[in-house]
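The values are calculated or read from the model by the stated rules, or taken from the named source; none is laboratory data. Note that the structure is predicted; figures quoted are calculated from it, not measured. Neighbour counts are summed over all protein chains in view; Cβ atoms, including those assigned to glycine, are modelled from backbone coordinates with ideal geometry.
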Amino acid sequence: MPLERTLSIIKPDATKRNITGKINAKLEEAGLRIVAQKRIRMTKAQAEGFYAVHEARPFFNDLCNAMSSAPVVVQVLESENAIAKNREIMGSTNPATADAGTIRKEFGVNIQDNSVHGSDSLENAKIEIAYFFRPEEIVG
Ligand code: IDP
Ligand code: MG
């Protein structure tokens, strides 16, 4: 099976609590390789562009404020089935109902501050990776 790549973001709620290493350990234990990674502070406009599909949702403005409120760690993860594998180890959107052992269950604060983002399809993974990384920054 071919290698696949997905975009992951360690969100501000997690960088603020200094648990990026704990989250990376969960990703690596799940078999995902971190093939690119950088810590950035998103502008509000950058967050709005990234979450443009959610523009009409009631939580959009608060979400974009939160995503630009502190640093994030953006990363490219690689493995077979990386998109599904990452979604599985992340857990469901709401930490309260996420499965035991998932990142969101262990570390998420609430449905907004749920510690991680992960691409949801191959098409979106390509778009989201290109939003933050130039090809030469990704070293597989
Ligand atoms: P996902 O991150 O599990 O793919 P999405 O539905 O794509 O979930 O939502 C994107 C992000 O928007 C979520 O990770 C979370 O931070 C935020 N979000 C989603 N639903 C809600 C909500 O009902 N209230 C507040 N924030 C939400
Ligand atoms: Mg999503």
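Criterion first (among the small types (Gly, Ala, Ser), farther than 15 Å from Leu32 by Cα and not in a loop (DSSP other than H, G, I, E, B)) does Ala130 satisfy it? Yes: the conditions hold for Ala130. Here Thr20, Thr15, Thr6, Thr43 are screened, and the one residue that is within 17 Å of Ile127 (Cβ to Cβ) and hydroxyl-bearing (Ser, Thr, Tyr) is Thr6.
Remark: pairs (first residue in segment 112-131, within 18 Å of Gly49 (Cα to Cα) and of a type in the set (Asp, Glu); second residue within 12 Å of ligand 2 (Cβ to nearest atom) and not in a helix (DSSP H, G or I); Cβ separation under 7 Å; 6+ apart in sequence or on different chains) = Glu128/Leu7; Glu128/Ser119.
Checked across segment 6-13, the condition of being farther than 29 Å from Glu136 by Cβ and surrounded by 12 or more Cβ atoms within 10 Å (Cβ to Cβ) holds for at least one residue.
Condition check ((1) under 16 Å from Ala47 (Cα atoms); (2) modelled with pLDDT under 95; (3) surrounded by 12 or more Cβ atoms within 10 Å (Cβ to Cβ); (4) within 13 Å of ligand 1 (Cβ to nearest atom)) across all residues:
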residue	(1), (2), (3), (4)
Thr97	no, no, no, yes
Thr102	no, no, yes, yes
Gly108	no, no, yes, yes
Ile111	no, no, yes, yes
Ser119	yes, no, yes, yes
Ile127	yes, no, yes, no
Ala130	yes, no, no, no
Phe133	yes, no, yes, no
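Counting only residues that are surrounded by 12 or more Cβ atoms within 10 Å (Cβ to Cβ) and more than 13 Å from ligand 2 (Cβ to nearest atom), segment 41-61 holds 9 of them. Taken over segment 55-76, the criterion of being within 15 Å of ligand 1 (Cβ to nearest atom) and either more than 22 Å from Lys16 (Cβ to Cβ) or among the acidic types (Asp, Glu) (or both) is satisfied by Glu55, Ala56, Arg57, Pro58, Asp62.
With respect to the conditions (1) among the hydrophobic types (A, V, I, L, M, F, W, C); (2) under 12 Å from Leu27 (Cα atoms); (3) more than 14 Å from ligand 2 (Cβ to nearest atom), Val72 falls short on a single one, namely (2). The set of residues in segment 99-127 that are of a type in the set (Gly, Ala, Ser), within 13 Å of ligand 2 (Cβ to nearest atom) and in a loop (DSSP other than H, G, I, E, B) comprises Ser119, Ser121.
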